[in-house]
Amino acid sequence: MRVTVNNLTFGYDYRTVLKDVSFKINTGDFLAIVGNNGSGKSTLVKCILGINKVPAKRIFLDDVDITEYKNFRNIGYVPQKFDDFNYEFPITVNEILQVSRYTKVTEDTKLELLDKIGILHLQHENINNLSGGQLQRVFIVRALMNNPKLLILDEPTVGVDRENVVSFYKTVNELHSEGITIILITHNINEANANYTHILSIVNGETTIKELDVAGEHS
């Protein structure tokens, strides 16, 4: 999926968060978004997701104006916080996937995704028994259940130990190699060997974008 942002300014009440943001990524690109807390990273992602309403001619998904875009099921989203689940409730991995909004996924497809992401053996496990890295993978499976063209990950390694961070980025690199466009918010661009093609930096609401010469090569 292609993503184009043109002169986007966005704020809440009287506070401007994003100032005249413009950039473009093509199908199969891997964009890292970096910036300090409160810089507007998540705000930008929510604009791309259509959660934050923006004026016409500011964001285009596959060349369709976001104000007219209908196929949001083509986007998989893994938020930083999973507020729609009560972790005190004894729910299993399978049950999380069953109560998701993706109702047309076959059982075979679900099992294939669990196996692909490396957590097939956890399908009957209570989520309260999972590590942070394992839980993150569960929600990646949920995001992939509708075969998205764009995968957006918001601070996906917060609270995840080093070993699982490395494993997580290996999985994301594999998804990228299959042609999925990926946007990933991170605080630490050097925490793992990710195959980024572009890095978008946000400072005081203003952005700069760098295209990497070699995927994953950054300093």
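Values quoted throughout were computed directly from the atomic coordinates according to the rules given, and no laboratory measurement underlies them. Everything numeric here is computed off the predicted structure, so don't read it as measured data. Please note: Cβ atoms are built from the backbone with ideal geometry, for glycine as well, and neighbour counts cover all protein chains shown.
Observations on the model:
- Across the stretch 197-208, rounded Karplus estimates of 3J(HN,Hα) from the backbone phi angles (6.51 cos²θ - 1.76 cosθ + 1.60, θ = phi - 60°) give 9, 9, 10, 9, 9, 10, 10, 6, x, 9, 10, 9 Hz, Gly and Pro being marked x.
- Looking at the stretch 97-219 alone, DSSP beta bridges between its own residues are antiparallel in about 55 percent of cases.
- Packing-based ranking, highest mean first, of 169-180, 189-200 given that Cβ atoms within 10 Å are counted: 189-200, 169-180
- Distances between placed amide hydrogens fall under 5 Å for G76 paired with K149, L150, L151, I152, all partners being 5 or more residues away or on another chain.
- Contact order relative to length of the stretch 125-183, as percent, for alpha carbon pairs under 8 angstrom and 6 or more apart: 44 percent
- With contacts taken as Cα pairs under 8 Å at a separation of at least 6 residues, the stretch 93-219 carries a relative contact order of 19 percent.
- In order through the stretch 54-70: 3J(HN,Hα) via Karplus (6.51 cos²θ - 1.76 cosθ + 1.60), integer Hz, x for Gly, Pro: 10, x, 5, 6, 10, 10, 10, 10, 6, 6, 9, 4, 4, 5, 10, 6, 10
- Förster-model FRET efficiency, 22 Å R0, E163 and N188, C-beta, rounded to 0.05: 0.90
- Helical mean residue ellipticity (222 nm; -39500 (n - 2.57) per DSSP H run of 4+; nearest 500) of the chain: -7000 deg cm²/dmol
- Model label points for T171 and I51, set 7 angstrom from Cα along the Cα-to-Cβ axis, are 2.0 nm apart.
- Cβ charges +1 (Lys, Arg) and -1 (Asp, Glu), total dipole of the chain, debye: 620 debye
- For Y196, the residues whose modelled amide H falls within less than 5 Å of its own, excluding neighbours fewer than 5 places apart on the same chain, are G216.
- Fraction of beta bridges assigned by DSSP in the stretch 1-159 that are antiparallel (%, nearest 5): 75 percent
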